Amino acid sequence: MGKYFGTDGFRGEANINLTVEHAFAVGRFIGWYYGKRMNKKCRVVIGKDTRRSSYMFEYALSAGLTASGADAYLLHVTTTPSVSYVTRTEGFSCGIMISASHNPFYDNGIKLINGSGEKMEEEVIAEIEKYIDHEYQEIPHATREEIGMTTDYAAGRNRYVGYLISLATRSFKGVKVGLDCANGSSFTIAKSVFDALGATVYTLADKPNGLNINLDCGSTHIQNLQKLVVEEGLDVGFAFDGDADRCLCVDEKGQVVDGDKILYICGKYMKKTGELKTNKVVTTVMSNLGLYKALDKANIGYEKTAVGDKYVYENMREYGHRLGGEQSGHIIFSKYATTGDGILTSLRMMEVMLEEKESLSKLGEELVIYPQKLVNVRVTDKTTVLDDQVLKDEIARVEEELGSEGRVLVRPSGTEPLIRVMVEAKEDADCDHYTTRIIEKMKERGYVKEA
């Protein structure tokens with residue numbers, strides 16, 4: 001990760017630590033860099049979510065791009081996976097998504113996507129950061145007929161909608177579906193897709209006003225969808241985040257089906273249909289122990305990566321795996337997409353339910369999620385903590401006591417001076433006991449900064 005860009009783009013509070021000047025600089029560099037590298041006019045497709053500041057950043061990026069001689073194509077309000085799809089299928093130099101995903105409205109972000117529809121290469125990110133910090137050569141302005149154009153490109157978004165509809169294996173007629181659109185990017189797209197496929201659709205959080213994105217709704221606040229599903233007797237509910245690259249589900253009983261359960265349900269189905277080519281599912285180290293036990297029982301292998309869908313996809317691409325994702329609902333189906341896609345995930349879950357002729361609760365019943373406790377501990381120095389042999393020995397003793405019925409993960413935050421202590425066990429009391437024990441040892445060693 002760089003100075004400005006993390007695993008999911010350049011993110012910060014709008015006009016505080018992510019400013020219009022930053023956005024203009026990103027546009028200036030990309031327009032020049034891709035034009036020079038490919039020796040032809042750079043074409044960039046831009047999408048945005050519903051935050052008030054997204055419009056401001058869209059104009060700043062477009063100004064930077066066109067000032068460097070690039071053409072900007074505006075998808076307007078759309079999802080992150082749609083930007084990825086349009087970029088890779090329509091020959092764009094790269095794509096930009098303006099979104100802070102599940103964050104509150106006052107945050108925003110710039111996500112960069114390469115010409116293959118994947119997250120931008122780190123070497124390009126490093127060059128952009130140099131330019132932002134004025135450590136780069138002067139970039140010339142385009143003049144006269146070389147100045148770029150800005151084009152309305154809503155047609156690209158519509159083609160993405162058509163693509164999603166084409167992936168459905170059968171009609172959804174007779175199925176009652178709840179959609180929580182988080183007052184974000186999916187507020188028109190998701191309903192359009194489900195309507196076209198014949199579902200009876202009930203919507204929540206589909207009236208964005210620029211300030212209510214993710215506000216008590218969406219995949220991070222799923223309780224309203226749970227209530228809707230139960231009260232209206234729906235067959236299933238799907239909750240997206242602000243830019244719709246995540247999806248969590250609610251079964252007909254009102255129970256949450258998180259990313260781990262989605263991986264299990266889809267993994268079993270894909271194995272049965274022959275789609276799970278390598279017979280492996282790619283997870284992150286935060287996936288629940290219960291998922292691994294259930295995959296073992298189903299004779300499905302798995303890989304574990306660092307936290308972040310970026311790392312999940314890198315592993316999938318390198319080894320040819322077809323399914324991967326995170327607990328949070330970033331699910332990647334590499335046959336169809338190069339990034340997490342919430343609406344695609346909901347369509348795949350519908351396919352499993354319809355083809356298997358089973359309720360969602362029944363499909364996931366063999367997976368038992370272990371209790372999990374995660375505590376963020378503010379420390380003096382992350383590296384020193386993780387290198388401490390006394391602490392390592394204490395963690396090893398906890399792991400030995402838990403045996404095969406529990407798991408410990410102690411890892412650093414990528415952006416803050418925090419150590420994340422996570423324990424999974426068969427009982428909540430054990431999770432509490434062992435997280436406390438590890439944190440107490442950190443305090444004994446003098447590493448914890450008291451609030």
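The numbers here are math on the coordinates, done by the rules we state, and not lab data. All values reported here derive from a predicted model rather than from experimental measurement. Cβ sites come from the backbone with ideal geometry, for glycine too, and all protein chains shown count toward neighbours.
DSSP beta bridges confined to the chain are antiparallel in about 55 percent of cases. Per-residue extension of 0.36 nm, minus the Cα-Cα distance of Thr436 and Leu215, leaves a gain of 76.4 nm for this segment.
For the listed peptides 158-168, 255-265, a ranking on the average number of other beta carbons within 10 Å per residue, highest first, reads 255-265, 158-168.
Less than 5 angstrom separates the built amide H of His102 from those of Gly242, all sequence-distant by 5 or more or on a different chain.
Estimated translational diffusion coefficient (Stokes-Einstein, Kirkwood radius over Cα pairs, 37 °C, 0.692 mPa s) of the stretch 372-444: 268 µm² per second. For the stretch 301-312, 3J(HN,Hα) computed residue by residue from phi via the Karplus equation (6.51, -1.76, 1.60; θ = phi - 60°) reads x, 7, 10, 10, 10, 5, 5, x, 5, 4, 6, 4 Hz, glycine and proline entered as x.
Taking amide H as placed 1.01 Å from N in the peptide plane, the amide H of Tyr202 sits under 5 Å from that of Val177, Gly178, Leu179, each at least 5 places away or on another chain. Straight-line reach from Lys382: taking Cα to Cα under 18 Å and skipping same-chain neighbours fewer than 8 places apart, the aspartates and glutamates in range are Asp393, Glu394, Glu416, Glu440, Glu444, Glu450. The mean of 1/r over all pairs of different alpha-carbon atoms in the chain, once inverted, gives a Kirkwood hydrodynamic radius of 23.0 Å. Relative contact order, whole percent, for the stretch 372-444 stands at 41, derived from Cα pairs under 8 Å and 6 or more residues apart. Phi angles across the stretch 281-295 convert, under the Karplus curve 6.51 cos²θ - 1.76 cosθ + 1.60 with θ = phi - 60°, into 3J(HN,Hα) values of 10, 9, 10, 9, 5, 8, 4, 6, 4, x, 4, 5, 5, 5, 5 Hz, Gly and Pro given as x. Listed here are the pairs Lys48/Lys268; Lys48/Lys362; Lys261/Lys392; Lys293/Lys335; Lys227/Lys272; Lys40/Lys130; which of them are more than 29 Å apart at the Cα? Check vs 29 Å cut-off fails for Lys48/Lys268; Lys48/Lys362; Lys261/Lys392; Lys227/Lys272.
All other residues whose Cβ lies under 11 angstrom from that of Lys271 are scored, Lys and Arg at +1 and Asp and Glu at -1, for a net of +4. Sequence-distant contacts, meaning Cα pairs under 8 Å at least 6 residues apart, place the relative contact order of the chain at 12 percent.
Close amide H contacts of Ala142 (hydrogens built in the peptide plane, cut-off under 5 Å, sequence separation of 5 or more or a different chain): Ser68, Gly69.
Each residue of the stretch 213-218 was assigned a 3J(HN,Hα) from its phi angle through the Karplus expression (A = 6.51, B = -1.76, C = 1.60, θ = phi - 60°), giving 4, 6, 7, 6, 7, x Hz with x at Gly and Pro.
As a rough guide to protection, the peptides 94-100, 300-306, 109-115, 333-339 ranked by mean Cβ packing within 10 Å, highest first, stand as 94-100, 109-115, 333-339, 300-306.
Net charge in the neighbourhood of Glu394 (other residues with Cβ under 13 Å of its Cβ; Lys, Arg +1, Asp, Glu -1) is -1. For Lys191, a cut-off of 16 angstrom between C-alpha atoms picks up these lysines, skipping any fewer than 8 places away in its own chain: Lys173, Lys176, Lys207.
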